1. Among the lysines, which have Cα under 28 Å from the Cα of LYS172 when same-chain residues fewer than 8 positions away are ignored?
2. Starting from 0.36 nm per residue, how many nanometres of slack lie between ARG346 and GLU160 once their C-alpha separation is accounted for?
3. Residue separation times 0.36 nm, minus the C-alpha to C-alpha distance between SER256 and MET321: what's the value?
4. Please report Rg (one decimal) and Dmax (integer) in Å for the Cα set of segment 241-300.
5. Under 5 Å between amide H atoms, partner at least 5 residues away or on a different chain: which partners does ILE130 have, H built in plane at 1.01 Å?
6. Contour minus end-to-end for LYS119 and ASP58, with contour as 0.36 nm per residue of separation and end-to-end as the Cα-Cα distance?
7. What are the ³J(HN,Hα) values, in whole Hz, obtained from phi via the Karplus relation 6.51 cos²θ - 1.76 cosθ + 1.60 with θ = phi - 60°, for each residue of segment 84-93 in sequence order, with x given for Gly and Pro?
8. Can you work out ³J(HN,Hα) from phi for every residue in segment 240-255, in order, using Karplus 6.51 cos²θ - 1.76 cosθ + 1.60 and θ = phi - 60°, giving whole Hz and x for Gly and Pro?
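No value in this document is a laboratory result; all are computed from the given coordinates. Nothing here was measured: the structure is a model prediction, and the numbers come from that model. Neighbour counts run over all protein chains shown; Cβ positions are idealised from the backbone, glycine included.
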Amino acid sequence: METATLQLLAELDATEGWPSERWATILDRTAKLFLGNVENLSAPQIDLFDGVFVRLMDRVDTASLVRLSQTLCELKYTLPQVSRRLVFDDNESVFAPVLQSRGTAHELLVEVIRSRGLKHQLAIASRHSIDPSLSDVLIQCGVPAVHHALAENRGAQMSEAGWTRLAELGQKDPSLAQKLDRRRDIPGSIKREIHAKLEDAQMRAQAAKPRVIRDQIEDTVASNAATRMPEPEPADLARAQARLQEVARQGKLRDSTVNRAAAARDYVEVVVALALLSGSPIDVIRALIAGDKIEGLVLACKAARLSWGTTSMVVKNRPGMPPVPADEMQKAKDTFMSFCLSAAQRTVRF
């Protein structure tokens, strides 16, 4: 068998001048032959295929390597030379399937973590199953993105030292701490410590937020943001005030009133209704509607006892203002939900 192996490899090395497409066809056929007979092959025969594959891989294009990687990644038989050639490739589509394969040797994975870059490390951190010793090596590489990938991967097992180190990193990285807090397999003492720190940080942030938004509102008012909006005609403003004050006297000035006005883009009526319901001056409401930051307007709606549905309608229908990005709307909704009525009223009343 050794003689046959050496002879075949020598013949492959001696062949020159064929286009890569022809070599790709030979590689594909060799892969099919190997897969069709792998259960009946002896160890020396598998080694022969390993050597043949490596010779062929140097003659084909990237697409062929991708196909080979995807074909071999589910095998329980290890082809050491092929695995090494594939995992050290620079193309993610080539190396990722093998790095995530259960058959790839632990020692090779460790070597890749320590010698390659972020994409290779993330491919290993997203494996279906990661044992504690491999997790420790990934943690030691010191890359935050890898730490986050490990925390999110429910198949990643950690040693106690690994959990402890991630918890230490989470003290300066709230997002990592939140991901660790959601893990059910984290040791109880570490989980309680992380949870306590998250609660403390959340309470401090909530305590500071009213002052931050109050400062934003004051800056918005001082910047004359209201001048971006059309000045309401005095007669229109007077009519809206008289009508809505009467509606309020009858106890009928409520969420649905503002919702209808916002849907109709009746800017004057929205401003007057929000001022009456929130207890904030008309000029302040006008400035908040015209402001670049929407959290102040959202809190004015909260102070007016509006629902989030009506609040979003008010925000989205501001005259002359560009659409609000989805992530800003979500942030505004989080603010709306986190503030109680009294805190919102204290923040927006002048």
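1. Those lysines meeting the cut-off are LYS119, LYS191, LYS197, LYS209, LYS293, LYS331, LYS333.
2. On the way: separation 186, 0.36 × 186 = 66.96 nm, distance 4.68 nm.
In short, 62.3 nm is gained.
3. 21.1 nm
4. Over segment 241-300's Cα set, Rg and Dmax evaluate to 11.1, 35 Å.
5. ALA156, GLN157
6. Gain in length upon complete extension: 19.7 nm.
7. Values, residue by residue: 4, 4, 6, 6, 9, 5, 8, 8, 4, 5 Hz.
8. 5, 5, 5, 5, 6, 5, 5, 4, 5, 4, 7, x, 10, 7, 8, 3
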